[in-house]
Every structure is written in C-alpha cells, then in structure tokens.
Amino acid sequence: MKTSPPPLKVRATEGVRLHLEDGRVLIDGIASWWTSCHGYNHPHIKAAVARQLEIMPHVMFGGLTHEPAEILARRLAAILPGDLNHVFFSDSGSVAVEVAMKMALQFWLNRGDAGRTRFLAFKGGYHGDTLGAMSICDPGEGMHSAFTGLLPPQPALDLPRNPASIDVLDRFLEARGHGLAGIIVEPLVQGAGGMIFHDPETLRRIRAAADRYGLPLILDEIFTGFGRTGAMFACEAAGVVPDIMTLSKALTGGAIGLGATVASERIFDGFWSDDQAQALMHGPTFMANPLACAAANASLDLFESEPRLAQVAAIAAALEDGLAPGRKIGGVKDVRVMGAIGVLEFERLNDPKAFQKRCVEAGIWVRPFGNVVYLTPAFTIGGQELSMLTGVLMKVLST
Ligand SMILES: Cc1ncc(COP(=O)(O)O)c(C=O)c1O
C-alpha cells in the first residue's frame, strides 16, 4: 500500500478496452492476467450468465449436482487430449493446483505408499499463491522467496533442455524418484516466472522421465490452456498427455473465477474404492459455481463457433512484426513470440512502474514483471488495436 502507485479505477470494460473513471480509455495488452480471451463483456457469455442467474446463481456441490457443471465436465473431457476424463471443479487456479497435488499425494497413499511426499518442479515455474502451490514455484521467485524454510521443501531443477540438465534430471530421479508423488510443469511457457519458453521436445523428455519412474505428470495449463500458445492446449503441440491437468483463467472466458483439476483414468482408478477413506476429500464452498460453469460453457461455444485459433495465429504473426524493432533497442536481451504471447526481455528493467505509467499515458495497459514486458491480448483484438499496443511499447522503449 505504501510503495505502489494508487490503482487506476476502472468504470467499465468493453471488447479490449478498459474505461477509467477519469474518462481515459486504455487498450488492455494483457487481457486481465490472460483471462479474457474473447474480449470483455462478450454478449454470448453475458447472456449465458444472466440466464443462469435467473435460474440458480449458486448451490453447494456436495451431495448435489447441476446441469451446467455436468455439461462442462463432459465437454472438457471431450476436448482434452488422451483419457483426461475426470474433472474436479474448484474456484481458482491456485486451488486447482492444490487439488492436483493432493490427488497425486493421495494416489500413492491409497496404494499404501506413504513415502512419496515431494514434488519435482522446475526453476522458472509459477503455480499460484496458496502455500502448497508456493512450495512448487521457482524458489527464487520474488513474491515467495521470503517463505523458504516455512514451506514444504520441494526440489526444483532446470528444465531438461541440454545434455547437462538432462543428466541432472536423470540422476535426481534415480536417487530420489522414490520419494516423489509427482512432477509438475507449465507446458511450453512458464508464465508468471518470466514468460520463459521451452520446446516440445523438452516436454516430451519430462513425460518420458515421469513414465520411467511411474510418476504422475501434472501439467499446469492455467496460463497456456484455451489457445494461448497456438494450440487449444499447449501439451497437444508436443503430443504429451499428462496424468493430471489444471485449468482456470480463460476457462470461463475470463468472466468469473473457476478452476478445474482433470485426472486420467489411471489416477481416477487409484481412488475407486469401497473404502470411503480412499476418496478425494476436498470441497471448496463455491466449487462448480453454476454461474461460472455457465460462463465456461458459453466460452467453449465461442471456441467452437468462432475462429479463435486462427486469430491466435494472426496475432502471433503481428506480434513478430510489431515487436521485431525491439531487438535493436539497447538493453533488450530477447524478443520472443509464441501464439498470442509476445515478450520483450530486458537485461534489466530499471523502473517498471515508470515504464507502466508512460504506457498508460500513451493509452495502453501492460504490467511488466521482473525484467519482462509482455503482451497477451484477447484473441479478438483488432489489427489496429494490436499495432497500437506494439507501437506504443516500441515508442516508450526508444524514448
Ligand atoms: C500457471 C499458473 N498456475 C496457477 C496460477 C494461479 O492461479 P490463480 O491466480 O487463479 O490462483 C497462475 C496464475 O497466474 C498461473 O499462471
């Protein structure tokens, strides 16, 4: 509160625009932390939520069920790769990750193996702000590093992308694989940890390593899912199917918070028992909220009826062009694009807050972190709006 500039007050959202109370209008370059993939206030999502609001805004999801959740679970199972058929709904991304961790831990407990208490995570990863999720983020991650020693200690390795890191992973698994409950990674793009990209081969290597040791692989698609990297789910580009997948953010088209943790048949079978103690005991009060499920179903309609992935491909091409001049700007270490993600990485971004302020003055909303300035716009963004985003960034950077 003491060190941040006062937040800008938003009066309304519309398409890719934020209307501020003081009359200014900003083009949103980051789609509210990567959520509003169809743009804000999409009429189809609004209508679905309004209809649901009349019928039933909320009902508990323990011992009761409802159509919006059942339809959504079936639709997710149908579009997810492999046999990811069993959906557990929660209310946010971090909770979806907590549920995934709990699933993996209990999967082993139910088999009588109590020695598997750790998760292998990767440097650069980010999985949320609840305590379990914090423990598997990059240990040096700015928001969480102060809590090292208080959180369960989890091993974090470099992604296995060169012979040395592949060797470290192999040796680690050989020595300590028996103590792991699972491996977790964000496929192809580590988002909040620095918009770090890796190639499909690296992901396949992680899958193969998990298989060698019988370890459940958790793919956190909370950022990458629903088209952001160019495929509907990032893991599809690598032909990798996880044992557990986490989803949130664009799941509802960004309209309302909702999380989903989706398990394969193998994981589900690990809980299928006459002994009630073997059930997954988890029940966030607002899990499977009907309004959120209605929004998510409407969002999936839009993925079916509108050319979202083609729009992502067009955004990728425009980001490549629009950000390319950044390579010539002093202090820029790397410019990279994957799908609707455009990244400018600096040797050192001296004053991100001042940078952000100048962007706002020029009419765009971005929120840099670390040494990274990025664009993750709505997939419905128009060509002119996108050029304004990249143009303003280039101008602010070069003056
Ligand atoms: C990959 C990933 N996992 C988990 C989370 C946490 O989601 P939430 O902020 O909804 O708790 C985030 C949020 O940025 C994320 O990017």
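The values are calculated or read from the model by the stated rules, or taken from the named source; none is laboratory data. Source: prediction; values computed, not measured. Cβ: placed from backbone, ideal geometry, glycine included. Neighbour counts: every protein chain shown. We work out accessible area using only protein heavy atoms, side chains counted, and drop any ligands, DNA or RNA first. Shrake-Rupley method; radii C 1.70, N 1.55, O 1.52, S 1.80 Å.
How large is the convex hull of the Cα atoms of segment 1-129 per residue, expressed in Å³ as a whole number? Please report the intermediate quantities before stating the final value.
Values: hull volume 28.5 nm³, N = 129.
Here the figure is 221 Å³ per residue.
Please report the spacing between the Cα centers of segment 109-135 and segment 1-68 in Å, no decimals.
31 Å
Based on DSSP loop calls and a cut-off of at most 16 other Cβ atoms within 10 Å, the longest stretch of the chain free of exposed GluC sites (Glu not before Pro) is what? If you can, show how the numbers build up before the last one.
Details: sites that count: 21, 347.
Counting at most 16 other Cβ atoms within 10 Å as exposed, the longest clean stretch of the chain is 22-346.
For residue 196, what charge total do you get from the other residues with a beta carbon under 15 Å from its beta carbon, if Lys and Arg give +1 and Asp and Glu give -1?
-3
Identify all lysines with a Cα-Cα distance to residue 46 below 18 Å; exclude those on the same chain that are fewer than 8 residues away in sequence.
Correct list for residue 46: 249.
Express in nm, to one decimal, how much length is gained between residue 55 and residue 204 on full extension, taking 0.36 nm for each residue of separation and deducting their alpha carbon distance.
Difference between extended and current length: 49.2 nm.
When all C-alpha to C-alpha distances in segment 74-130 are sorted into bins of 10 Å, what percent of pairs does each bin hold, rounded to whole numbers?
19, 39, 38, 4
Report the antiparallel proportion of the DSSP beta bridges in segment 45-305 as a percent, rounded to a multiple of 5.
50 percent
I want to check the label-to-label distance for residue 282 and residue 166. Put each point 7 Å from Cα in the C-beta direction and report it in nm to one decimal.
Simple spin-label model gives 3.3 nm for this pair.
If the cut-off is a Cα-Cα distance under 22 Å, which lysines reach residue 328, setting aside same-chain residues fewer than 8 apart in sequence?
Cross-link targets: 395.
Determine the gain in length on full extension of the stretch residue 71-residue 46; use 0.36 nm per residue of separation and subtract their C-alpha separation, reporting nm with one decimal.
Net length gain for the segment: 7.2 nm.
For the chain, with a Gaussian network of springs between Cα atoms less than 10 Å apart, report the residue from 97, 25, 49 with the top mean-square fluctuation.
25
What are the residues whose amide H is under 5 Å from the amide H of residue 90, where those residues sit 5 or more places off or on another chain and H is modelled from the backbone?
259, 260, 261, 288
Based on the alpha-carbon gyration tensor of segment 331-399 and its eigenvalue square roots a ≥ b ≥ c, which shape applies: rounded if a/c is under 1.5, prolate if not and a/b is larger than b/c, or oblate?
Oblate shape, in that a/c is at least 1.5 and b/c is the bigger or equal ratio.
Quick check: from the Cα gyration tensor, does segment 233-279 come out rounded (a/c under 1.5), prolate or oblate?
Details: a/c = 5.50, a/b = 1.48, b/c = 3.72.
Note, shape of segment 233-279 comes out oblate.
Zone of residue 321 (label point 7 Å along Cα→Cβ, backbone N under 20 Å): which residues in segment 355-390?
Within reach of a label on residue 321: 375-390.
Under the Kirkwood approximation for Rh and a Cα-based Rg, what ratio Rg/Rh is obtained for segment 301-373?
Looking at segment 301-373, the ratio lands at 1.06.
For segment 45-305, just the Cα set please: Rg and Dmax, both in angstrom.
18.0, 58
Using only the alpha carbon atoms of segment 142-197, find the Kirkwood hydrodynamic radius as the inverse mean reciprocal pair distance, in angstroms to one decimal.
Taking the inverse mean of 1/r over all distinct Cα pairs, segment 142-197 comes out at 13.3 Å.
Taking Rh as the Kirkwood radius computed over C-alpha pairs, what is the Stokes-Einstein D of segment 191-298 at 10 °C in a medium of viscosity 1.306 mPa s, expressed in µm² per second?
In µm²/s, the coefficient rounds to 101.
Taking K and R as +1 and D and E as -1, what net charge do the other residues with C-beta under 14 Å from the C-beta of residue 89 add up to?
Summing Lys and Arg as +1 and Asp and Glu as -1 gives -2.
Taking all protein chains in place and a 1.4 Å probe, what share, in percent, of the accessible surface of segment 45-305 do carbon and sulfur account for?
57 percent
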